[in-house]
Ligand code: NAD
Ligand code: DAU
């Protein structure tokens, strides 16, 4: 049994689906179901007894203590977080609450549970914390990609809150010996991605004939990784990572935002052309930049590749095609997540 937090979100949902497709080991899935959590993603598991869903907060120490005592997991994988940089700029409080205070409460409960274990249950237990490359800050054009030894220089309320959580996880290992693992991953994309992030937003706005908003000059660079490759990396680290170590995870796929948007447009031009014969790229609209917008992220994934034998299976070209096709094939999922709350966000962020 493993305990996953945030398993109704984008990456956690993909992780739970993948896990149960490849293993019979059951999963307890603790998720608060914020605007970003979506049970539709987990609907293939509705009748599956190997999946136990619990609605709750990682910051609810008593609940976590009870879940650990009941299910006796051999590992906890923490995906739960507020994850959207733009939302952290509008309202940082929730980010501090979940990403910092929540992670503290989770760690505290897990520490109590782990301390009482004995034998192999204790020595083989793992707490895996899923984090981001954003904790390293922004790179200049000619800087080397982030390595695990790079200093933490977070620039947004989101990345600062994730950095704080990484530090707590590190401290619980160093001080109490809790066997922790941390992964710092680059930008994910793929199925079940909530459509306020760049890639799903652009696919869905393009299909709806709406503007494709590019912040600033569109030359900011991100390193993109298909979500199931991230899930595979987490499984590798969980299986063979060294407690106390951190692992950078990335796809060697640095791309400027404008290039990502143009690629999506040209795939749509090919497989779902606009009725009026115009190119989807005609919908591109430059808008005001994100405050404090990091210019470039890039990951050196050498440590996980050489140490644990992980490699991404998808290139950006194969992964983005699968992603565009998935959104075309799943209008009902999109319909269900683009609720009133979603529309309020779009108005706040892009409205005049
Ligand atoms: P997401 O926003 O799609 O999902 C987050 C999930 O956590 C949601 O299901 C939400 O309901 C749940 N949640 C939020 N607060 C909670 C709380 N207090 N208690 C329990 N559940 C709570 O996020 P994501 O994109 O799937 O990211 C998952 C993790 O991976 C995050 O920790 C994020 O920082 C990290 N990460 C994301 C990316 C990316 O590109 N999306 C890249 C690297 C790392
Ligand atoms: O690097 C990992 C991080 O990637 C994760 O830790 C975060 O949880 C995840 O949300 C993501 O953060 P970004 O800020 O990079 O992702 P987002 O999709 O919001 O934006 C990607 C880039 O596109 C970024 O440079 C901002 C830009 N952008 C985004 C939106 C939503 C636009 O130009 N226009 C937009 O409308």
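Structure notes:
- Only one of the numbered conditions (1) loosely packed, with under 15 Cβ neighbours inside 10 Å; (2) in a helix (DSSP H, G or I) is not met by residue 33, and that is (2).
- Output for segment 271-286, where each listed residue is surrounded by 14 or more Cβ atoms within 10 Å (Cβ to Cβ) and out of contact with any helix residue (DSSP H, G or I) (no Cβ under 7 Å at 6 or more places or on another chain): 286
- For segment 180-192, taking the residues that are surrounded by 24 or more Cβ atoms within 10 Å (Cβ to Cβ) and part of a loop (DSSP other than H, G, I, E, B), the one that is farthest from ligand 1 (Cβ to nearest atom) is identified as 190.
- Residues that are surrounded by fewer than 24 Cβ atoms within 10 Å (Cβ to Cβ) and within 16 Å of ligand 2 (Cβ to nearest atom), drawn from segment 1-29: 11, 14
- Residue check, residue 52 out of contact with any helix residue (DSSP H, G or I) (no Cβ under 6 Å at 6 or more places or on another chain), on the phi < 0 side of the Ramachandran plot and buried (at least 16 other Cβ atoms within 10 Å of the Cβ): yes
- Among the residues of segment 154-179, just one is touching a helix residue (DSSP H, G or I) at 6+ places or on another chain (Cβ under 6 Å) and surrounded by fewer than 18 Cβ atoms within 10 Å (Cβ to Cβ), namely 176.
- Considering 303, 255, the condition of being assigned to a helix (DSSP H, G or I) and at pLDDT 95 or above is satisfied by 303 alone.
- Of the residues making up segment 306-352, those that are away from ligand 1 (no atom under 15 Å from the Cβ), without any contact (Cβ under 8 Å) to a residue 40 or more places away in the chain and under 28 Å from residue 89 (Cα atoms) are 335, 340, 343, 344, 347, 351, 352.
- Selection within segment 221-252 - within 16 Å of ligand 2 (Cβ to nearest atom) and part of a loop (DSSP other than H, G, I, E, B): 250, 251, 252
- Meets criteria (surrounded by fewer than 14 Cβ atoms within 10 Å (Cβ to Cβ), out of contact with any helix residue (DSSP H, G or I) (no Cβ under 7 Å at 6 or more places or on another chain) and within 16 Å of residue 196 (Cβ to Cβ)) for residue 344: yes
- Selected residue (only one of 63, 39, 20 is at pLDDT 95 or above and within 15 Å of ligand 1 (Cβ to nearest atom)): 63
- Filtered by the rule that a residue be within 19 Å of the chain's Cα centre (by Cα) and over 19 Å from residue 307 (Cβ atoms), segment 138-151 gives a lone residue, 138.
- First in segment 290-305 and under 13 Å from residue 136 (Cβ atoms) and within 14 Å of ligand 1 (Cβ to nearest atom), second anywhere and assigned to a loop (DSSP other than H, G, I, E, B) and at pLDDT below 95, Cβ under 8 Å, 6 or more apart: 299/251; 299/252
- Residues that are assigned to a loop (DSSP other than H, G, I, E, B) and within 15 Å of ligand 2 (Cβ to nearest atom) within segment 117-140 comprise 137, 138, 139, listed in sequence order.
- Of all residues in segment 66-93, those being more than 8 Å from ligand 1 (Cβ to nearest atom) and either more than 30 Å from residue 215 (Cα to Cα) or touching a residue at least 60 places away in the same chain (Cβ under 8 Å) (or both) number 19.
The values are calculated or read from the model by the stated rules, or taken from the named source; none is laboratory data. Predicted model, so just to flag it, every value in this text is computed and none were measured. Using ideal geometry, Cβ is built from the backbone for each residue, glycine included, and neighbour counts are taken over all protein chains shown.
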